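These notes concern the structure reproduced below.
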Amino acid sequence: MSVLIAVSGWDPTPWRRQLETHLPSHSIATLEEPFDRASIRYAVAWRHPAGALKSLPNLRVIFSLGAGVDHVFADPALPDKPIARIVDPDLTERMSEWVVMHALVHLRQLRRYERQQRGRVWTDDDNQPKAGDIQIGVLGLGVLGRDAAAKLKTLGFKVAGWSASPKSLPGVDCYSAADGLKRLLKQTDMLVVLLPLTEATRGILNASLLAQLRQGGPLGGPILINAGRGGLQVEADIVAALDSGALKGASLDVFEREPLPEDSRLWAHPAVYVSPHNAAVSSPQAIAALVARQIEADERGRPFDHVVDRRRGY
Ligand code: NDP
Ligand code: OXD
């Protein structure tokens with residue numbers, strides 16, 4: 001029984017090595033070499049080439065090698081099989097580290113003090129708000145959003161969150177639906193985005209949404225922190241909001257086009273932090289172990305975990 005590694009933009013070698021270690025009785029195939037299509041029962045995918053997963057008559061499931069599944073749904077020839085995504089404490093903890101780091105970087109004006117240090121400038125002013133002065137809004141209260149919200153709360157930030165269905169979380173003001181989003185935005189000083197990319201969320205971070213964030217506020221203007229997906233973002237609107245001062249700063253891990261094109265204004269914008277879509281990297285070791293556990297469970301007749309809802313797209 002074979003597992004097919006169907007990835008693009010990633011070297012399949014470490015994934016193959018890890019899957020061979022965790023599944024010694026399975027053969028592991030990659031798209032780079034010929035394989036018997038009828039032997040494939042499991043596919044692991046990251047931005048697989050369109051059509052690569054069709055005509056696999058014995059395929060049982062497609063495992064996304066990430067928490068997000070938009071890259072799987074991007075295939076117009078996707079077979080009608082269950083799609084299971086990664087839910088992994090290692091990935092969750094890394095994401096919360098990234099979110100908390102950027103919340104603190106903006107709160108404690110890191111860029112300003114780096115600039116001052118480079119210029120050997122010793123000045124301070126009285127504008128040093130504390131976490132408890134800042135209202136954070138978290139868009140997406142799933143596995144990642146809930147963990148980040150709880151950790152931001154522990155640091156003393158005021159935290160609210162927004163999700164598709166109503167939620168109740170300790171210490172977090174929870175909103176849902178379009179009206180809930182409006183109510184959350186108008187009180188938000190820092191917007192943390194951990195939404196999946198779906199038809200409903202594509203382009204949500206646009207001029208109209210940014211204009212609803214609380215202006216002024218203790219940081220002098222609102223901050224955008226997005227590690228969800230680049231397709232959520234309208235980058236021209238974000239740059240315009242930064243230029244006009246409607247946004248005070250941004251931390252972006254994901255982009256409309258990745259790698260971020262060299263000529264993007266975001267690279268050198270003084271109010272922007274860019275990271276290369278690695279807020280929470282998928283470690284082949286941790287993820288191959290999770291995939292292997294799911295395959296072994298399936299072979300014992302157990303259902304797959306973390307199967308996404310095709311209709312919702314996440
Ligand atoms: P989940 O599926 O657990 O959570 C998604 C959350 O978004 C849920 O709370 C869901 O609401 C909410 N949501 C979805 N659609 C809407 C909508 N239309 N309106 C309001 N809320 C909505 O996903 P994860 O938390 O595990 O991951 C979130 C995303 O993070 C991934 O899809 C991926 O794109 C991104 N990611 C980025 C990484 C990086 O390195 N930059 C690493 C890993 C993930 P409800 O709870 O009601 O369903
Ligand atoms: C993911 C990612 O979806 O790394 O896991 O973006």
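Worth a mention:
- The fraction of Cα-Cα pairs per 5 angstrom bin, counted from 0 for the stretch 128-205, comes to 3, 17, 29, 27, 15, 6, 2, 0, 0 percent, rounded to whole percents.
- Per-selection Kirkwood Rh - the stretch 240-296 (Cα, Å, 1 d.p.): 13.9
- For the stretch 1-91, the solvent-accessible area with a 1.4 angstrom probe is 43 square angstrom per residue.
- Sorted largest first, extent of the stretch 55-117 alpha carbons per principal axis (Å): 62, 25, 14
- With semi-axes defined as the square roots of five times the eigenvalues of the C-alpha gyration tensor, the equivalent ellipsoid of the chain measures 39, 20, 18 Å, largest first.
- Accessible surface for the stretch 92-245, divided over its residues, is 47 Å² per residue with a 1.4 Å probe.
- Estimated from helices alone, the mean residue ellipticity of the chain at 222 nm is -9000 deg cm²/dmol (sum of -39500 (n - 2.57) over DSSP H runs with n ≥ 4, per residue).
- Taking the accessible area of the stretch 56-134, probe 1.4 Å, and keeping the other protein chains in place, the carbon and sulfur fraction comes to 51%.
- On the stretch 210-261, 53 percent of the accessible area sits on carbon and sulfur atoms, based on a 1.4 Å probe.
- Kirkwood-Stokes translational diffusion coefficient of the stretch 154-310, alpha-carbon pairs, 10 °C, 1.306 mPa s, µm²/s: 90
- Here the relative contact order of the chain, from alpha carbon pairs under 8 Å that lie six or more residues apart, stands at 16 percent.
- Partners for Lys186 among aspartates and glutamates (Cα-Cα distance below 20 Å; same-chain residues under 8 apart left out): Asp133, Asp173, Asp237
- Annotation: the stretch 1-152 has a Kirkwood hydrodynamic radius of 18.9 angstrom, from the mean reciprocal C-alpha pair distance.
The values are calculated or read from the model by the stated rules, or taken from the named source; none is laboratory data. On a predicted model such as this, the values are computed, not experimentally measured, just so you know. Heavy atoms of the whole protein, side chains included, go into the accessibility calculation; ligands, DNA and RNA do not. Shrake-Rupley method; radii C 1.70, N 1.55, O 1.52, S 1.80 Å.
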